[in-house]
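One structure below.
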Amino acid sequence: MHQWVVDVAADEAPTLEEMTAESSCYLLDEPQEDCDVAALTATLIEQNFLKIWRNELAVWDEYLDNAPNDMNQAQFSQWFNVTLSGLTFDLAQQPLLVANVD
């Protein structure tokens with residue numbers, strides 16, 4: 001993804017190290033029953049990779065004019081390192097900002 005950001009927003013592009021140090025968090029519905037974490041991760045990526053990808057690219061290219069033509073799951077896996085976290089804690093005193101990303 002870093003090379004794409006450099007190509008699209010050269011003047012604003014962070015270094016690879018800066019991009020690697022940053023991460024995004026996406027909240028998803030909890031599974032209804034216990035399941036293998038690897039299988040769950042694979043399923044969640046399959047169901048959501050296009051939404052995640054478009055959202056991440058829109059940070060640099062709001063209308064996705066420069067998005068790759070073939071945004072498939074294999075390419076997504078090359079661009080992004082996805083990890084699953086089962087716990088999230090909201091320690092903020094203010095309520096979360098709600099934004100529609102669909």
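The values are calculated or read from the model by the stated rules, or taken from the named source; none is laboratory data. Computed from a prediction, not measured in an experiment: that's the story for all the values here. Glycine also receives a Cβ, built like all others from the backbone with ideal geometry; neighbour counts cover every protein chain displayed.
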Identify all residues within the range 17-60 that are at pLDDT below 90, of a type in the set (Asp, Glu) and surrounded by 10 or more Cβ atoms within 10 Å (Cβ to Cβ); write none if there are none. none
First in the range 86-100 and closer than 26 Å to Leu40 by Cβ, second anywhere and of a type outside the set (D, E, K, R) and assigned to a loop (DSSP other than H, G, I, E, B), Cβ under 8 Å, 6 or more apart: Thr88/Cys25; Thr88/Leu27; Asp90/Leu96
Give me the helices (runs of 4 or more DSSP H) completely within the range 1-63, filtered to those with at least 1 residues that are in contact with an Asp or Glu (Cβ under 8 Å, 6 or more places away or on another chain), ordered by residue number. 2-8, 37-58
Within the range 81-99, residues under 15 Å from the mean Cα position of the chain (by Cα) and surrounded by fewer than 10 Cβ atoms within 10 Å (Cβ to Cβ) come out as Asn81, Thr83, Ser85
Note on Gln78: of the conditions (1) loosely packed, with under 11 Cβ neighbours inside 10 Å; (2) part of a loop (DSSP other than H, G, I, E, B), unmet is (2)
Would you say Pro14 is farther than 19 Å from Met1 by Cβ, surrounded by 10 or more Cβ atoms within 10 Å (Cβ to Cβ), in contact with a helix residue (DSSP H, G or I) (Cβ under 8 Å, 6 or more places away or on another chain) and without any contact (Cβ under 8 Å) to a residue 24 or more places away in the chain? no
Report yes if some residue within the range 61-75 is surrounded by 13 or more Cβ atoms within 10 Å (Cβ to Cβ), under 30 Å from Val6 (Cβ atoms) and of a type in the set (Phe, Trp, Tyr); otherwise report no. no
When the residues of the range 38-64 are narrowed to those that are in contact (Cβ under 8 Å) with a residue 12 or more places away in the chain and of a type in the set (S, T, N, Q), which ends up nearest to Glu12 (Cα to Cα)? Asn55
